[in-house]
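J.: Could you have a look at this structure, given as structure tokens, before my questions?
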Amino acid sequence: MNFTPKKSRWEKQHQHIQRVAYELYQNRILLGRKGNEHADWVTAQRIVQSPWKTLLFASNRPLIKLEKQLAEPFSNYLKRWSVFDIVDRLSPALEAIGVLLIPLVLYLASQAYENQREAQENERLQQETVQNYFGQLSEILLNVNGDLSSEENQRIWGVLTASTTTLLQDPNLDEHRKGQILAFLGHMGLLEGSAPTDLNSNKQPIISLNGAQLEGVNLAFAQLRGAYLKGVSFKEANLRYADLSWSDLHRADFRQADLSEANLRSAKPFQSNFDNANLSKAQLFGVLFSGSELRFARFDNADLRLAFLTGADLRNSTFIEANLSQASVTHADLRNTNFHRATLNEAVLEEAKLYRADFRQARLNNV
């Protein structure tokens, strides 16, 4: 009768550690990771001493090949951790949750990788689209016969306008790229119409953006002097430091747009909407705001000398320390408007609605 002595608890645990250490070694070889026998043994001891880690390790081996296929392409997200490594970094109180979250971690990491790839591809396609547009436009401008603005080239005008407006309406093109296109057209003078002071001219822009929807477009520092932008929507656009002087902005939409420190000198935004817009420190000398909606707009420290605000709705707007010398504000609605420390010397306020308007410390000489 053969008698096999029972193994002590220590011997069983030692053999268990050996098996786990060997499997850790095989995992390292399979995944091409650096390591050594001592590190495998220390890790194996931690696994055997924790029931949750032992349970996790029992299911770890079948997932190694899956991890190799899924985890390696997005190593930036998992830092090439094995399934056990993820849970090994959790506190003991969270180990049970960690076991359940392993498939979710792998899924979310794969989704993050796919999203990053899609975003990079989208960026590449957008930039390629803009570059192709610039290339085609440059080719047309270089090869056109005579003056591009002449009547014989009207067909080219139509093609340029159609291709440009179609591109600017493309929802797949972000606001930054649309801003690049507009800035380029403005710099080339392709958006210029009749000068506001030239009443006998009927000059039309080579590329017309009449009524274009450009919400949120980034046009900071853009050169759009004399541009014909009638009816264009710049809602929530960034126009900081932009040059819109002498531009035709009739019925344009600037709601919630940032025009701080922009130059609108002698521009014509009459009957336009500037509700909640920021025009602080803007150059608004001689600007034509007649009939415009300017509710809750900010004009703090702006230069509005000789500006026309006839019939404008300026309720709840602020003109703190703004200069409105010789401005025409007749028939305007100034209820709850703040003119604290503003300069209104020789301004015309006939028949303006002044209920609860704040003129504290304002300069009102010859008003």
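Please treat every number below as a calculation from the coordinates, not as lab data. Keep in mind the model is a prediction, meaning the values are calculated, not measured. Using ideal geometry, Cβ is built from the backbone for each residue, glycine included, and neighbour counts are taken over all protein chains shown.
J.: Which one of Ala267, Ala277, Ala282, Ala257 is touching a residue at least 60 places away in the same chain (Cβ under 8 Å) and within 18 Å of Leu219 (Cβ to Cβ)? Spell out how you get there, then give the answer.
T.: On the way: Ala277 fails: touching a residue at least 60 places away in the same chain (Cβ under 8 Å); Ala282 fails: touching a residue at least 60 places away in the same chain (Cβ under 8 Å); Ala257 fails: touching a residue at least 60 places away in the same chain (Cβ under 8 Å).
The conditions single out Ala267.
J.: Okay, moving on. For region 336-345, does any single residue satisfy the condition of being of a type in the set (A, V, I, L, M, F, W, C), closer than 27 Å to Ala212 by Cβ, in a loop (DSSP other than H, G, I, E, B) and out of contact with any Leu (no Cβ under 7 Å at 6 or more places or on another chain)?
T.: No; the residues of region 336-345 include none that is of a type in the set (A, V, I, L, M, F, W, C), closer than 27 Å to Ala212 by Cβ, in a loop (DSSP other than H, G, I, E, B) and out of contact with any Leu (no Cβ under 7 Å at 6 or more places or on another chain).
J.: Determine if region 220-236 includes at least one residue that is in contact (Cβ under 8 Å) with a residue 24 or more places away in the chain, part of a loop (DSSP other than H, G, I, E, B), more than 18 Å from His176 (Cβ to Cβ) and aliphatic (A, V, I, L, M).
T.: Scanning region 220-236 turns up at least one residue that is in contact (Cβ under 8 Å) with a residue 24 or more places away in the chain, part of a loop (DSSP other than H, G, I, E, B), more than 18 Å from His176 (Cβ to Cβ) and aliphatic (A, V, I, L, M).
J.: Right, here's the next one. Scanning for something touching an Asp or Glu at 6+ places or on another chain (Cβ under 8 Å), of a type in the set (Gly, Ala, Ser) and under 27 Å from Val232 (Cα atoms), does region 336-347 turn up at least one residue?
T.: No, region 336-347 contains no residue that is touching an Asp or Glu at 6+ places or on another chain (Cβ under 8 Å), of a type in the set (Gly, Ala, Ser) and under 27 Å from Val232 (Cα atoms).
J.: Take region 355-367 and flag every residue that is surrounded by fewer than 17 Cβ atoms within 10 Å (Cβ to Cβ) and in a loop (DSSP other than H, G, I, E, B).
T.: Tyr355, Arg356, Arg360, Gln361, Leu364, Asn365, Asn366, Val367
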